[in-house]
Amino acid sequence: MPLIWRDENPLSLDPAFYKDLEDLIGPSPFHFVVTHGYRSPEKQRELYRQKQLGIIKGKVATPGNSPHEYGLAVDVVLDTDPAKPGLQPSWDLKLAGWVWLIAKLKLHPRLKSGISFDDANHIERYKWRNYIPK
């Protein structure tokens with residue numbers, strides 16, 4: 001199934017990273033939706049501020065330390081019933097779609113899951129800091 005981009009512009013990502021994502025998830029029998037892609041430095045600062053204030057939960061990197069700011073990361077969710085209108089999201093890692101994705105990411109030479117830092121829906125370029133334009 002093709003990767004679905006929800007309110008995100010895939011052209012704002014690093015082109016090689018985008019191609020790797022499409023090549024990985026495109027042949028999948030599961031429906032994954034990108035919920036977050038590129039973030040401007042201003043957006044990352046605002047998210048971090050909201051995290052510090054307790055407004056939002058979850059993982060938020062300090063400004064300048066997120067691969068999202070460089071177009072080298074996305075967050076995805078499994079759509080469990082694409083036949084229904086709207087997104088039917090699940091973050092249950094025991095579901096077949098998540099098992100499939102995590103296994104594929106473990107084998108990929110350039111993509112990495114955020115599962116090692118308790119953020120399984122996060123996909124980033126392996127050693128992303130090496131790809132930041134100088």
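The values are calculated or read from the model by the stated rules, or taken from the named source; none is laboratory data. Source: prediction; values computed, not measured. Cβ sites come from the backbone with ideal geometry, for glycine too, and all protein chains shown count toward neighbours.
Miscellaneous remarks
- Qualifying residue in region 48-65 (condition: modelled with pLDDT of 95 or more, buried (at least 18 other Cβ atoms within 10 Å of the Cβ) and over 18 Å from residue 113 (Cβ atoms)): yes
- Sole residue being out of contact with any helix residue (DSSP H, G or I) (no Cβ under 8 Å at 6 or more places or on another chain), at pLDDT 95 or above and farther than 19 Å from residue 113 by Cα, chosen from 42, 8: 42
- Unmet requirement for residue 56, which otherwise passes all of (1) closer than 16 Å to residue 121 by Cα; (2) in contact with a helix residue (DSSP H, G or I) (Cβ under 7 Å, 6 or more places away or on another chain): (1)
Yes or no, residue by residue, for (1) over 17 Å from residue 124 (Cβ atoms); (2) β-branched (Val, Ile, Thr):
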position: 38; (1), (2): no, no
position: 48; (1), (2): yes, no
position: 60; (1), (2): no, yes
position: 65; (1), (2): no, no
position: 74; (1), (2): no, yes
position: 78; (1), (2): yes, no
position: 85; (1), (2): yes, no
position: 93; (1), (2): yes, no
position: 100; (1), (2): yes, no
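- When 102, 25 are checked against the criterion of being loosely packed, with under 15 Cβ neighbours inside 10 Å, more than 19 Å from residue 130 (Cβ to Cβ) and of a type in the set (A, V, I, L, M, F, W, C), a single residue qualifies: 102.
- When restricted to residues that are more than 12 Å from the chain's Cα centre (by Cα) and within 21 Å of residue 8 (Cα to Cα), region 30-49 contains 11.
- Which numbered condition residue 69 misses (of (1) without any contact (Cβ under 8 Å) to a residue 60 or more places away in the chain; (2) in contact with a strand residue (DSSP E or B) (Cβ under 7 Å, 6 or more places away or on another chain)): (2)
- Restricted to strands (runs of 3 or more DSSP E) entirely inside region 28-134, those with at least 1 residues that are more than 23 Å from residue 16 (Cα to Cα) and not hydrophobic (A, V, I, L, M, F, W, C) are 73-79.
- The number of residues in region 18-27 being in a loop (DSSP other than H, G, I, E, B) and within 16 Å of the chain's Cα centre (by Cα) comes to 1.
- Residue check for residue 109: surrounded by fewer than 13 Cβ atoms within 10 Å (Cβ to Cβ), more than 21 Å from residue 4 (Cβ to Cβ) and modelled with pLDDT of 95 or more: yes
- Of the set (1) farther than 16 Å from residue 4 by Cα; (2) touching an Asp or Glu at 6+ places or on another chain (Cβ under 7 Å), all apply to residue 88 but (1).
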